[in-house]
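Please treat every number below as a calculation from the coordinates, not as lab data. The structure presented is a predicted model; accordingly, all values stated were derived computationally and were not measured. Positions of Cβ are generated from backbone atoms using ideal geometry, with glycine treated the same way; all protein chains shown enter the neighbour counts.
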Amino acid sequence: MKSSLRERFERLGPVEVVTPGQSGSRAVVTLHLDPAVAAIKSITVVRLLVENGMTMLTAKRAVEKAMETGQATFVVPGLRDAEAFAAIIADCGFTAKAVAARPVDITALRAELKLTQEQFALTYGIDVETLRNWEQGKRRPDRAAEAYLRVIERMPDAARVAQEDELRRLG
């Protein structure tokens, strides 16, 4: 029978103070449970999250959600060393991925897809003037648009198909 995280904490004995991290960069992280790993070190992950600025309760809930559903997305307020963080997470039976960590180079994306500004805008349901402003640096995409551009970058065909509809539905 699976034991709860609380039961595992209780078996560890006396409470140990974990000093929360104060410095580092804010990062949005998705924690994925690695199904191939038999022994998950959930308590080590909770401690690591606290050391990187999360509260103990928030860290505990994030790890529990990842263990129950296979993944959890949350903010790490003070991530100090992303490479070391990912290595420790991997040793504990999880993988960690950064969410929305970098902006999309729209001009390069459009060039890679071999589309003009107008073709790109029409294909993906973006106003052509908005696209021009983004490419010329006059404006930046908001978070939702940046997320959509990331989808286009990774899955251009799926994003295109999602914009299409049957002609008979238009009338």
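Within the stretch 82-89, can one find any residue that is more than 16 Å from the chain's Cα centre (by Cα) and crowded, with 16+ Cβ neighbours inside 10 Å? Even if it seems obvious, please write down each step before you answer.
From the stretch 82-89, those more than 16 Å from the chain's Cα centre (by Cα) are 84, 87-88; that's our starting set.
Right, trim to crowded, with 16+ Cβ neighbours inside 10 Å and you get 88.
Among the residues of the stretch 82-89, at least one is more than 16 Å from the chain's Cα centre (by Cα) and crowded, with 16+ Cβ neighbours inside 10 Å, which makes the answer yes.
Of everything in the stretch 123-134, what is surrounded by fewer than 16 Cβ atoms within 10 Å (Cβ to Cβ), farther than 27 Å from T73 by Cβ and out of contact with any Leu (no Cβ under 9 Å at 6 or more places or on another chain)? Give them in sequence order.
Selection gives D127, E129, T130, R132, N133.
Any idea which of R102, R26, R61, R110 is part of a helix (DSSP H, G or I), out of contact with any His (no Cβ under 7 Å at 6 or more places or on another chain), surrounded by fewer than 17 Cβ atoms within 10 Å (Cβ to Cβ) and at negative phi?
R61
Within the stretch 104-122, does at least one residue satisfy the condition of being free of Cβ contacts under 8 Å to residues at least 60 places away in the same chain, under 29 Å from D34 (Cβ atoms) and in contact with a helix residue (DSSP H, G or I) (Cβ under 9 Å, 6 or more places away or on another chain)?
Among the residues of the stretch 104-122, at least one is free of Cβ contacts under 8 Å to residues at least 60 places away in the same chain, under 29 Å from D34 (Cβ atoms) and in contact with a helix residue (DSSP H, G or I) (Cβ under 9 Å, 6 or more places away or on another chain), which makes the answer yes.
Do we have R132 as under 25 Å from R160 (Cα atoms), free of Cβ contacts under 8 Å to residues at least 60 places away in the same chain and assigned to a helix (DSSP H, G or I) here?
The answer is yes for R132.
Restricting to the stretch 75-94, name every residue that is under 20 Å from M56 (Cα atoms), part of a helix (DSSP H, G or I) and not small (G, A, S).
Passing the criteria: F85, I88, I89.
Tell me, yes or no, whether the stretch 152-167 has at least one residue that is touching a Lys or Arg at 6+ places or on another chain (Cβ under 9 Å), outside any helix (DSSP H, G or I) and either surrounded by fewer than 11 Cβ atoms within 10 Å (Cβ to Cβ) or not small (G, A, S) (or both).
no
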